[in-house]
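**Q** Take a look at this one; I'll ask things after.
The values are calculated or read from the model by the stated rules, or taken from the named source; none is laboratory data. Keep in mind that what you see is a predicted model, and the values were worked out from it rather than measured. Reconstructed Cβ throughout: ideal geometry from the backbone, glycine too, with neighbour counts over all protein chains shown.
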Amino acid sequence: MTIIGGSGGMGKVFGKLFQKYGFEITLFARNKEKLTQTAMVCGMKHSLRLEECVKKADIIMVSIPITSTPQMIKKIAPMMKRDAILFDITSLKTMVYNILQDMYSKYPINCISLHPMFGPGIKDMKNYVMIALKVGGTNNYNLLIEELFSIFQSEGLLIITTTPEEHDKTMALTLAVPHMVNILYLTLLKQSGIPLNELTKFTGTTFLLQKVFAESIIQREMEMFGEIQMENVEFYKILDLFEEVVSKYKKIIQGKDKNAFYKIFQEGLVYSREDNHFKNSYKYFYEFMKILKN
C-alpha cells in the first residue's frame, strides 16, 4: 500500500491501521526530512519517487489538501496497476468524485472516495463514522471494496454510504458550521479587549466548555479548515442563512421581544428532541465538565 501525503497526521493513522492487517506500507511526501522521520518512527518504507511507489501498490490512499487532490488523482491513475484501489480522504467530494469517475472509465482501476469523521488524534476507531462514496471500477470492484470495508469494520468503524451532493451539503452543516462558530467565538472574545485568562477567572460551565471546543479547533490545520469552508459552495448558502438568523436574533434582543425569544427557543427545543443524544445531553455535558475540572 502507498500513502500519498504519508507524513501527515491522517497518513500515519491509516498507515498504522493497514500495517496492523499485514500490509507493507510505503509513504510518499515532498518534504524529505519529515517523510524520513515519519517512516523511521512508524517502521514503514518511504519514497520520494512517485511513480515507483504507485505502480507496485495494491491500494493507494491520497491524503493531501483538498485543492491538490484532483490533480494528484489525475497524475497517478495512469501509473497504477490493474485492479488496484485508489481512494482519497478529502472533506469535500463533488469535484473529487467526478475526477475519480473519469479515471476509472479510462484505466482498469477501482475508485472509491472516503471521508473519515475523525482526526489524527484518534486512539480507538470503534463507533466512529467513515463516509463512503462508491465510484466504480473493474469486474472485481465489489469484491475488492468489500475487503477494504472489512478492515474498517474490524476496527469498529461505522460505514455510511452517500452521494457527493448529499455529502457536501451535510458537511457544510456538520463541519463548516461548527468550525465557523468556534472561530468567530474566539474572534468575538478577542475583540472585547479582555485577555482570555482574565475571562476564564469568571468562567461558568457553558463558557469553559465552549472555550475548550474553540481552542481545540484553532490549534489544528488552518489550511484544511479554510478549504472546508471556502471550497464548499453549499456552505455559501449556509452563510446567507446565518446572516438572516443573526439579524433576526439581534432584532429580538434589542426589541426585548420575549414572545419571539420564547418562540425561537422552543423551536430549537422541539428540533433537538428528535436527536438520539437529547435525553442524556445534560448528563454528557457534566461528564465533560468533570473531565475538565480534573
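**Q** Being out of contact with any helix residue (DSSP H, G or I) (no Cβ under 9 Å at 6 or more places or on another chain) and part of a helix (DSSP H, G or I) is the filter; apply it to region 187-219 and report the residue that is farthest from residue 292 (Cα to Cα).
**A** In the first step, residues of region 187-219 are kept if they are out of contact with any helix residue (DSSP H, G or I) (no Cβ under 9 Å at 6 or more places or on another chain); the result is 187-188, 191, 193-195, 197-198, 201-202, 204, 219.
Now restrict to residues that are part of a helix (DSSP H, G or I): 187-188, 191, 197-198, 201.
Numbers: 187: 23, 188: 23, 191: 26, 197: 16, 198: 18, 201: 15 Å.
Result: 191.
**Q** Kindly evaluate residue 170 against the criterion of being farther than 28 Å from residue 234 by Cα, β-branched (Val, Ile, Thr) and either at pLDDT 95 or above or not in a strand (DSSP E or B) (or both). So that I can check it myself, show each step before the final result.
**A** On the way: farther than 28 Å from residue 234 by Cα: no; β-branched (Val, Ile, Thr): yes; either at pLDDT 95 or above or not in a strand (DSSP E or B) (or both): yes.
So residue 170 does not fit the description; no.
**Q** When the residues of region 126-143 are filtered to those that are farther than 18 Å from residue 69 by Cα and buried (at least 19 other Cβ atoms within 10 Å of the Cβ), which remaining residue is nearest to the chain's Cα centre (by Cα)?
**A** 130
**Q** On the given criteria, is residue 128 in the same structural domain as residue 14 (by TED's automatic domain parsing) and in contact with a Leu (Cβ under 8 Å, 6 or more places away or on another chain)?
**A** On the way: in the same structural domain as residue 14 (by TED's automatic domain parsing): yes; in contact with a Leu (Cβ under 8 Å, 6 or more places away or on another chain): yes.
Answer is yes for this residue.
**Q** Hey, among 95, 79, which residue is closer than 19 Å to residue 55 by Cβ and not polar (S, T, N, Q)? Give the steps one after another, and end with the answer.
**A** Numbers: 95 fails: closer than 19 Å to residue 55 by Cβ.
Of 95, 79, the one residue that is closer than 19 Å to residue 55 by Cβ and not polar (S, T, N, Q) is 79.
**Q** Also, quick follow-up: Considering only residues of region 10-41 that are in contact (Cβ under 8 Å) with a residue 60 or more places away in the chain and over 16 Å from residue 68 (Cβ atoms), which is surrounded by the most Cβ atoms within 10 Å (Cβ to Cβ)? Reasoning before the result, please.
**A** Initially, region 10-41 is screened for residues in contact (Cβ under 8 Å) with a residue 60 or more places away in the chain, giving 10, 12-14, 17-18, 21.
When the remaining residues are screened for being over 16 Å from residue 68 (Cβ atoms), the result is 12-14, 17-18, 21.
Working: 12: 21, 13: 20, 14: 23, 17: 17, 18: 18, 21: 11.
Here the answer is 14.
**Q** With respect to residue 61, determine if the residue is in a helix (DSSP H, G or I) and surrounded by 16 or more Cβ atoms within 10 Å (Cβ to Cβ).
**A** On the way: in a helix (DSSP H, G or I): no; surrounded by 16 or more Cβ atoms within 10 Å (Cβ to Cβ): yes.
It is false that residue 61 is in a helix (DSSP H, G or I) and surrounded by 16 or more Cβ atoms within 10 Å (Cβ to Cβ).
**Q** A further question on this structure: Can residue 160 be described as in contact with a Leu (Cβ under 7 Å, 6 or more places away or on another chain), aliphatic (A, V, I, L, M), part of a strand (DSSP E or B) and at pLDDT 95 or above? Write out each step before concluding.
**A** Numbers: in contact with a Leu (Cβ under 7 Å, 6 or more places away or on another chain): no; aliphatic (A, V, I, L, M): yes; part of a strand (DSSP E or B): yes; at pLDDT 95 or above: yes.
No; evaluated as a whole, the condition is false for this residue.
**Q** A follow-up question, please. Is it the case that region 97-113 has a residue that's of a type in the set (Phe, Trp, Tyr), closer than 26 Å to residue 229 by Cβ and assigned to a helix (DSSP H, G or I)? First the steps, then the outcome.
**A** The initial filter retains those residues of region 97-113 that are of a type in the set (Phe, Trp, Tyr), namely 97, 104, 107.
Then keep just the ones that are closer than 26 Å to residue 229 by Cβ; that gives 97.
Now narrow it down to the ones that are assigned to a helix (DSSP H, G or I): 97.
For region 97-113, residues of a type in the set (Phe, Trp, Tyr), closer than 26 Å to residue 229 by Cβ and assigned to a helix (DSSP H, G or I): present.
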